[in-house]
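Chemist: Next up is a structure, given as structure tokens.
Nothing in this text is a laboratory measurement; each read-out follows from the coordinates by a stated rule. Fair warning: this is a prediction, and the values are worked out from it, not measured in the lab. For neighbour counting, all protein chains shown are included, and Cβ atoms are generated from backbone atoms with ideal geometry for every residue, glycine included.
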């Protein structure tokens, strides 16, 4: 179990003798070993769950973070309040109850992991309450966005963290309350506790509620004597040094502006006429406040129900930057978070694998400094992203396939360039894959040759489909030995060099797919 040492300040806080300032830690008695788990990987019956927990014990896992609310808003417990949100196929197997009971018998904790503010565009929450969605200046939801250079459809709707009453107090908080009231979980684990920075960081906070509430929150004009406007008193030579003189900061025609015009002012406007274009700073501060308030509300709800339950959070690696881009200023959450699992995933770092190891050490050190060692930092490592070099040729082949399918029979130069790129990427993939899986390597090599020789049109389309299918199969089921397990071992050691409280691994399914359980067992050996 995750054991904590109480401090004098922590005791005072529990006694209510001081204001709720951040207590000094929560120091684990030994290194914590955590694992994010998606329900299918934990087992769909007692036998498969036993096999999963056997594997966790061999790998010295002491804490499981079980997904109970996913990106599409689907939930994985037998909810009485939200039966319409239960994931299809999970109504008869209460994974949260079964895993918690079985894991506790082995001394393993289970924390309920929730994707907080994302919902599916066809999910129950958005279907029943479209008014809860965040909107951009055009009045569209995040489902209007695309991802990547190939412009993939983004199928998620982010819900407004600010609106009250709304998604928080009528959907998300009641879900959390139902879990802590009816299940013997060890804590609540936040994920996606932020604004949608993966699609458009500065484009979502412009629903009707926020356009009305942000100016009121910042008191940009008075409701009393609303018709009166006050100008800047130019006492100081620099115009913006007179900010304290109580000018009316909203435009006189604010109530007549449309959504785009209001959004433009909040992003690009000036609090002081002729001063700096600084209104955006208030926009950022507003979003930070909404997320922080939610974190506080969850803490209060959970601790009121059971003070022994932990509240934790998966967060982006740098709270200063994530505060600006997604409202996630998590270094200020220590009064309401018991431990953090920062996503120090390689996908969040540039450079080579060796550079990642150096940056992982440095970033973990800074995270401990940012939180003033007031709460535990458990370094998060995602296994799949460690293998950028191994997967890059696969990505390059896929890109070349797309180029070839767009070549016409009249574009000789384009065809030559695309076939050259295809062959170069295939040559980079082949040596290591051949040593791990000669048959699969030969299959892909033959498919590459077939595509390179295909005539533009239907023949190329068919050959491209076959090669794409083989590459997808390689990603879904990489052969043992293709992905070097020492990368995981070295990443864990690099994190340990910064002396975090523990290490959290994403995820159980990835460990299985990438044949990494033995490496984790060795790395986590007590």
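Chemist: Counting other beta carbons within 10 Å of each Cβ, put 469, 445, 262 in order, fewest first.
Modeler: So the ranking, lowest neighbour count to highest, is 469, 445, 262.
Chemist: What is the distance, in nm, between label points placed 7 Å from the Cα along the Cα-to-Cβ direction at residue 423 and at residue 281?
Modeler: Each label point is offset 7 Å from its Cα along the Cβ direction, giving 5.9 nm.
Chemist: Can you pull the one-decimal nm distance between simple spin-label points at residue 461 and residue 332, each 7 Å off the Cα toward Cβ?
Modeler: Label-label distance for residue 461 and residue 332, simple model: 5.5 nm.
Chemist: With r as the distance between the Cβ atoms of residue 131 and residue 453 and R0 = 56 Å, compute the FRET efficiency 1/(1 + (r/R0)^6) and round to 0.05.
Modeler: Values: r = 56 Å, r/R0 = 1.00.
My answer for the efficiency is 0.50.
Chemist: On to the next question. Considering only C-alpha atoms, what is the centroid distance from the stretch 288-312 to the stretch 327-399, in Å?
Modeler: If you average the Cα positions of each part, the centres end up 24 Å apart.
Chemist: In the set [x] 30.3; [y] 25.1; [z] 26.4, which value of mean projected area of the Cα convex hull in nm² was calculated from the structure you see?
Modeler: Computed from these coordinates, mean projected area of the Cα convex hull in nm² corresponds to label [x].
Chemist: Continuing with the same structure: List 396, 246 from most exposed to least, where exposure is judged by having the fewest other Cβ atoms within 10 Å.
Modeler: Ascending number of Cβ neighbours within 10 Å: 246, 396.
Chemist: Want the number for residue 256 to residue 355: 0.36 nm per residue separation, take away the alpha-carbon distance, what's left?
Modeler: 30.4 nm
Chemist: Additional query: By per-residue mean of other Cβ atoms within 10 Å, what is the highest-first order of 449-460, 91-102, 185-196, 484-495?
Modeler: In decreasing order of mean packing, 449-460, 91-102, 185-196, 484-495 become 185-196, 484-495, 91-102, 449-460.
Chemist: Here is a further query. Residue 372 to residue 497: extension gain in nm, 0.36 nm per residue of separation minus the Cα-Cα distance?
Modeler: My answer for the length gained is 43.2 nm.
Chemist: Suppose each label sits 7 Å from its Cα in the direction of the beta carbon; what would the residue 365-residue 389 distance come out to in nanometres?
Modeler: 2.4
Chemist: Still on this structure, please answer the following. Arranged by the count of other C-beta atoms within 10 angstrom, fewest first, what order do 153, 38 take?
Modeler: Numbers: 153 11, 38 15.
Going from least to most buried by this count: 153, 38.
Chemist: What full-extension length gain, to one decimal in nm, is calculated for residue 240 and residue 212 as 0.36 nm per residue of separation minus the Cα-Cα distance? Numbers along the way, then the final one.
Modeler: On the way: separation 28, 0.36 × 28 = 10.08 nm, distance 2.50 nm.
Here the segment from residue 240 to residue 212 would lengthen by 7.6 nm.
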